[in-house]
Amino acid sequence: MNTVILPSGETVPALGMGTWNIGDDRAARAEEIATLQLGVSLGLKVIDTAEMYGEGKSETLIGEAISGLRDEVFLVSKVYPHNASRREAIAACERSLKRLRTDCIDLYLLHWRGSVPLHETLEAFTRLQRDGKIRHFGVSNFDVDDMQELLGEAEGKAVATNQVLYNLARRGIEWDLLPWCRDHGIPLMAYSPIEQARLVAEKRLVDFAQSHAMTPAQVALGWLLSKDNVMIIPKTANRNRLRENMRALQHPLSAGQLAELDVLFPPPTKAQPLEML
């Protein structure tokens with residue numbers, strides 16, 4: 001299993017499981033739970049969620065799925081920007097802990113930048129960490145200027161990751177944010193690695209995958225797995241798709257294949273605003 005090293009020195013798998021929209025449909029609940037449990041058994045210990053996902057439904061489902069498996073899971077959740085003040089972040093985290101049926105979240109992120117001053121959020125995160133409610137904290141959807149401001153705060157230097165939109169079709173961060181984070185030893189988490197399934201229908205990718213006896217999803221995930229210190233969290237709600245995702249680990253892309261993908265999906269040639277979904 002490819003791994004990523006957090007600033008604390010802790011090692012986590014580079015391939016995990018995302019849960020956007022998981023828990024919304026009761027008819028799919030059994031399969032979603034079985035998929036998460038299968039993923040954990042296969043070594044996909046990073047599970048990413050947020051209080052925003054189904055307004056807590058995703059966290060509730062995960063809490064049920066990992067019952068009895070908590071020690072095998074690296075649990076990530078995110079707080080709404082409007083809940084990120086000194087007092088509200090504490091309360092929001094407590095609600096997430098209750099839904100997740102755990103006493104500690106491994107990595108707690110600010111979902112995106114809002115109107116609450118960063119120092120307030122960081123004070124809350126530091127308190128949660130001190131009280132044993134979270135182990136690490138970080139941010140999501142932060143561009144370079146946001147990261148610079150974050151590291152300008154004393155508590156901000158403990159940031160564990162920045163979770164951003166990054167995939168073959170969304171390479172803008174390679175111009176500035178990705179190298180900046182590498183220079184500062186901050187790993188990235190790439191969300192929507194297959195662009196909510198839109199990318200796997202892209203003809204350029206379909207044709208490439210067919211010519212190399214892979215599926216489009218395996219190519220998209222394999223391309224991200226070739227990047228140093230990048231975690232990826234494809235949404236996983238079906239056991240067959242989970243097994244397909246896992247096979248990306250068995251087909252590392254060659255230098256020639258990566259060069260071919262650079263032609264099909266060119267890297268940025270100038271700075272771009274940070275993209276979000």
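The values are calculated or read from the model by the stated rules, or taken from the named source; none is laboratory data. On a predicted model such as this, the values are computed, not experimentally measured, just so you know. A quick note on method: Cβ atoms are made from the backbone with ideal geometry, for glycine too, and the neighbour counts reach across all protein chains shown.
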Given the structure, is M1 surrounded by fewer than 20 Cβ atoms within 10 Å (Cβ to Cβ), aliphatic (A, V, I, L, M) and within 24 Å of P252 (Cα to Cα)? yes
Those residues of the stretch 60-80 which are over 17 Å from the mean Cα position of the chain (by Cα) and of a type outside the set (S, T, Y) amount to L61, G63, E64, A65, I66, G68, L69, R70, D71, E72
Just give me the residues in the stretch 239-277 being crowded, with 16+ Cβ neighbours inside 10 Å, in a helix (DSSP H, G or I) and of a type in the set (S, T, N, Q), in sequence order. N245, Q257
Out of A65, A28, A84, A89, report the one residue that is of a type in the set (G, A, S) and at pLDDT below 95. A28
Within the stretch 220-233, identify whether any single residue is farther than 25 Å from K45 by Cα and either modelled with pLDDT of 95 or more or not aromatic (F, W, Y) (or both), and answer yes or no. no
So how many residues does the stretch 21-73 have that are acidic (D, E) and touching a strand residue (DSSP E or B) at 6+ places or on another chain (Cβ under 7 Å)? 3
Scanning the stretch 101-110 residue by residue, the ones that are closer than 25 Å to T11 by Cβ, of a type outside the set (S, T, N, Q) and not in a strand (DSSP E or B) total 2
Filtered residues of the stretch 142-186 (kept if of a type in the set (A, V, I, L, M), over 22 Å from L225 (Cβ atoms) and in contact with a strand residue (DSSP E or B) (Cβ under 8 Å, 6 or more places away or on another chain)): M147, L150, A158, V159
Quick one: in the stretch 139-166, of everything that is buried (at least 22 other Cβ atoms within 10 Å of the Cβ) and in contact with a helix residue (DSSP H, G or I) (Cβ under 9 Å, 6 or more places away or on another chain), which residue is farthest from W20 (Cα to Cα)? L150
Pairing a residue in the stretch 187-211 that is more than 29 Å from I5 (Cα to Cα) with any residue that is hydroxyl-bearing (S, T, Y), where Cβ atoms lie under 8 Å and the two sit 6 or more apart in sequence or on different chains, gives A209/T215
